[in-house]
Amino acid sequence: MSDVTRDDLRAAVGAGLMTEAQAASLINLAEEREGVRARRTGLDEPFELFKGFNEIFIVVGLSILFAGWLGLTGLTIFGATQGFILGMVLSVVAMMALVGLSRYFTLTRRMVAPSIALVVMYAASALQFGLSFSAMMDFPFQTAWTVASAMGGVLLCLHYFFFRVPFTVALIAVSVVMTAFGIVTIGGTFPDNTQDIFLLSADGPFAILTIILGLIGLAIAMAFDMSDPHRVTRRAASGFWLHVIAAPAIVNTVALTLFQTPDAGAKVALVVFIAIMALFAVIIDRRSFLVSGVGYVVALSISVVEGEGAFFVILLLGAGLVLLGAQWEAMRGAIMRVLPAFPGKSKLPPWNVIPAQSEVSQ
């Protein structure tokens, strides 16, 4: 018996033997069983913000609904204008309502954009609850934000446990960073400017804390990735969002420190570091580390090469990125075949997949 193709399913729908919904369900089941990655073109890192314009339409409605709720109740990011106890009660009511909406749009309808919007609103409500609680306890400003961030992170973890919305992982990571920084500021240490958060040469523990948290986030993201190398489940999507947070934390901390160092050796080290990060991005098949370092290459080109020469280097860099994006799978396959065996290599996304031919739409 020959395999049933998409054309066969389309013919079955046209003949009235099955509905379009049933055909789509069969296609999704087949792709999950065979590995979605093997059926993709191989040129894209799986990423999805919405499935259709109806999701955008619903997000607009949810945003207006939430804005109306904030205006009607008097809730602000610092709690309720009428008092902290009322702020806590209204925040809980908002979170319960958002959980109910998530049960429908996330668990029942499996919508992407509304799920992301709802978890952002849930995070805002959780932060409101934490700040109202801190106001009730009469905490000082730094302690209030630290406690609110920690409580928000815990509530977001509960939300992720029940709904598994991948974007929630990014918000949890942000809450962890805010909590860690808040603990440091409670002790009276503050960064002089934004760059001190990433400069290892600056006074204070912020840069060291940033890179440590980035490495922890990377480890968790790799655990997500290695548990789903074909990237067909929400674990891979959760790993994607963690990489988005972890990559800038690691790359910015090292690259900015080297970029701000005046001697030529630091500039060479910066180029080597970004090259290593680019190779690492190709190996794990995540582009976030490469994207995080591109800006430093451009800035370094402008500072080292003067006049039109800088724009020529930028032109070559842009051409190289376009080529890398177009031939990512082929280049990655060549690199992975050359690399010797190392722990975890077999758990990385497959690198010997032949890109599938693009389907001709009917």
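Shape of the range 56-186 from its Cα gyration tensor (a ≥ b ≥ c, root eigenvalues): rounded if a/c is under 1.5, otherwise prolate when a/b > b/c, or oblate? Verdict is oblate for the range 56-186. Applying 0.36 nm per residue to the separation of Ser201 and Cys157 and subtracting their alpha-carbon distance, the gain on full extension is 12.4 nm. Expressed as a whole percent, the accessible surface of the range 202-340 that belongs to carbon and sulfur atoms is 78, based on a 1.4 Å probe.
Dividing the radius of gyration of the alpha carbons in the range 130-177 by their Kirkwood radius gives 1.07 for Rg/Rh. Scalar couplings 3J(HN,Hα) for the range 286-296, obtained by applying the Karplus form with A = 6.51, B = -1.76, C = 1.60 to θ = phi - 60°, are 10, 8, 5, 5, 5, 5, 5, x, 4, x, 6 Hz; x denotes Gly and Pro. Across all Cα atoms of the range 160-300, the radius of gyration (one decimal) and Dmax (whole number) stand at 16.0, 52 Å. Our coupling estimate for the range 330-343, obtained by passing each phi through the Karplus curve with A = 6.51, B = -1.76, C = 1.60 and θ = phi - 60°, is 5, 5, 5, x, 5, 5, 5, 6, 6, 5, x, 5, 9, x Hz, Gly and Pro reported as x. A crude spin-label estimate for the pair Leu315 and Tyr104, with each label 7 Å from Cα along the Cβ direction, gives 5.6 nm.
Compared with the direct C-alpha span, the chain from Ala12 to Lys267 gains 85.6 nm at full extension, assuming 0.36 nm per residue.
Along the Cα→Cβ direction, 7 angstrom out, place labels at Asp138 and Leu49. What is the inter-label distance in nm? About 4.6 nm separates the two model spin labels.
The values are calculated or read from the model by the stated rules, or taken from the named source; none is laboratory data. Computed from a prediction, not measured in an experiment: that's the story for all the values here. Glycine gets a Cβ as well: all are built from the backbone with ideal geometry, and neighbour counts include every protein chain shown. Each accessible area value is taken on the protein alone, full model and side chains, heavy atoms only, with ligands, DNA and RNA left out. Shrake-Rupley method; radii C 1.70, N 1.55, O 1.52, S 1.80 Å.
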